[in-house]
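The structure appears right after this line, and notes come after that.
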Amino acid sequence: MATAQAGVVIVGAGPAGLVLGNLLLDRGIDCVLLERRDRAAVDGRARAGFLAARSVRVLTENGLAAGLLTRGRTHTTCQFRGDRGEFTLDYATLGRGEVHTVYPQQELVRDLVAEYLRRGGDLRFGVEATHVTGGRVRLRDGTEVTGRYVAGCDGHRGIGRATLTAHGTRTARWDHGVSWLAVLAAAPPSMPATGYALHPRGFAGHMARTASVTRYYLQCPRGTDPANWSEDRIWTELATRMRTAEFGPLRTGAVLEQAVVDLRSDVLEAPGAGPLWLAGDAAGLISPSAAKGANLAVLQAELLARAFEAALLRGDGSGLARYAADCLPRVWRAHEFSHWMSGLLHGPVGADGDGDEARYGRQLQYARLESLRTSRAHQDFFAENYTGI
Ligand code: RFL
């Protein structure tokens, strides 16, 4: 039984689906947004925080940036710590001179939900899509929503991707072989911005989020159970790897969340066909080492909105036909840099432990860090890719 007919049925109210939905409403295209979780869960899910200049520009131009422009914080520097000390890269003065805006993903999502509803959008929480066939989306309760197009913005494990791969779309994938314990702490930042610490015990990261919340990462072996990490163990390990004896203590606080993220990346070779098109993590997963995921979601949502607009309002399908060619080169640039960052932070894949290969890998890591510390050309490369998308 069909329950609604729309220009575009969007599955998933994360950054990709919500940016797309807002852009479509703004262009006068009716859409239905389906989200399997309830609003409180969507509003409260802390993940990304770094928005590239391009993402901020797209959100600003489309009237979606009021919150991030007032509450977001501009980051212009990052720090690296290793066995030869500490250095800061002022990336606002390097590369293209672009900066990051740090704005917690859940706050961006909350703003996007509010704006989508203000624009009169149809957003259904607690509604799970189970199958996509042509333009028909079947729901858990047995009803259907139909659209001329379906946008799969339902993340890496969603049905959008599963539907395309079941029809033969291939994936290029990479397993970085390491995991991160991702910790969210009710603690003010301990460094002015982002800190990357290289240590024989593994990488540790510090990402300022707000004045009272900081994200930390600890590289850990694959298969780590986050429950084995007590608060004490987390802070002790962070202090060791971030070399607080040398650089001063961390500002600690209660751990709000801890989860293990396996660093994996993949890209769908064709992010859509016929009525079904994907954006965000559904179209490809990128390891969090360079904080690109939410930014790729914004990029793809913007491209897809333009392509749907041309197809639905002008009968011009060339934007959809070009979607892969428009977005994949930029997606691959982001993956290349993310992979480069992973090499810097962890050494080459498979070089963990204490053997000859691990020692070789560690020296490569330090040589890359040293090059970044001393070479202006290397710093420009870093800045351009770190802030760009
Ligand atoms: P999301 O955010 O996963 O949203 C997908 C939505 O789809 C819903 N859904 C369904 N709804 C209806 N029916 C179904 N069958 C459904 N199946 C799924 C889900 O409930 C969900 O609400 O995907 P989207 O929109 O593509 O956005 C991607 C970003 O969330 C992701 O790339 C980033 O969070 C990655 N990431 C970071 N990206 C950055 O750009 N900068 C960062 O600093 C950054 N830090 C991070 C990150 C990801 C992390 N984790 C958890 C892997 C830090 C971490 C720890």
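The values are calculated or read from the model by the stated rules, or taken from the named source; none is laboratory data. Please read these numbers as outputs of a predicted model, since none were measured by experiment. Here the Cβ is made from the backbone with ideal geometry for all residues, glycine too, and neighbour counts use every protein chain on show. SASA here: full protein model, heavy atoms, side chains in, ligands and nucleic acids out. Shrake-Rupley method; radii C 1.70, N 1.55, O 1.52, S 1.80 Å.
Counting charges near L256 (Lys, Arg +1; Asp, Glu -1) among other residues having Cβ under 14 Å from its Cβ returns a value of +2.
Measuring nothing but how far apart in sequence close Cα pairs (under 8 Å, 6+ apart) lie, relative to its length, region 322-387 scores a relative contact order of 25 percent. Each peptide in 102-115, 7-20, 271-284 was scored by the mean count of other Cβ atoms within 10 Å over its residues; highest first, the order is 7-20, 271-284, 102-115. Would you kindly give the portion of the calculated P(r) for region 122-167 that falls above 17 Å, as a percent of all Cα pairs? In whole percent, the share of Cα-Cα pairs in region 122-167 beyond 17 Å is 27. When the convex hull of its Cα atoms is viewed from all sides, region 75-176 shows a mean projected area of 11.7 nm².
Please compute the net charge surrounding R84, taking Lys and Arg as +1 and Asp and Glu as -1 over other residues with Cβ under 12 Å from its Cβ.
Around R84, the charge tally is -1.
Please work out whether region 113-256 counts as rounded, prolate or oblate from its C-alpha gyration tensor, where a ≥ b ≥ c are the square roots of the eigenvalues and a/c under 1.5 means rounded, while otherwise a/b larger than b/c means prolate and anything else oblate? Prolate, since a/c reaches 1.5 and a/b exceeds b/c. For region 71-80, backbone phi angles converted through the Karplus equation (6.51, -1.76, 1.60; θ = phi - 60°) give residue-by-residue couplings of 9, x, 10, 7, 10, 10, 9, 9, 10, 10 Hz, Gly and Pro being listed as x. Report, in degrees rounded to the nearest 10, the 0 to 90 angle that the Cα long axis of helix 15-26 makes with the longest principal axis of the chain. Once rounded, one gets 40 degrees. At 20 °C and 1.002 mPa s, grab the translational diffusion coefficient of region 175-293 from Stokes-Einstein with a Kirkwood Rh over Cα pairs, rounded to a whole number in µm² per second. Calculated translational D: 138 µm²/s.
Compared with the dominant Cα axis of the chain, that is its longest principal axis, helix 231-241 is turned about 60°. Helix 293-314 and the longest principal axis of the C-alpha atoms of the chain enclose an angle of approximately 20°.
When all protein chains stay in place and ligands, DNA and RNA are ignored, the 1.4 Å accessible-area order of S342, S318, largest first, is S318, S342. Rounded to whole Å, the principal axis extents of the Cα atoms in the chain read 64, 41, 37, largest first.
Cα centroids of region 246-268 and region 317-367: 19 Å apart. Ligands, DNA and RNA are left out, and with a 1.4 angstrom probe the accessible area of the chain is 41 Å² per residue. When Lys and Arg each count +1 and Asp and Glu each count -1, what net charge do the other residues less than 13 Å away from A52, Cβ to Cβ, add up to? Here the charged neighbours net out to +3. Overall, the accessible surface of the chain at a probe of 1.4 angstrom is composed of carbon and sulfur to the extent of 49 percent. For region 182-250, just say rounded, prolate or oblate: build the C-alpha gyration tensor, square-root its eigenvalues into a ≥ b ≥ c, call rounded for a/c under 1.5, and beyond that prolate if a/b exceeds b/c, oblate if not. Judged from the Cα gyration tensor, region 182-250 comes out oblate (a/c at least 1.5, b/c at or above a/b). Spin-label point model (7 Å from Cα, Cβ direction): what's the V99 to D83 distance in nm? If labels sit at V99 and D83, their model points lie 3.6 nm apart. If R0 is taken as 45 Å, the Cβ-Cβ distance between S371 and R140 corresponds to a FRET efficiency of 0.30.
Relative contact order of the chain: 21 percent, from C-alpha pairs under 8 Å at least 6 residues apart in sequence.
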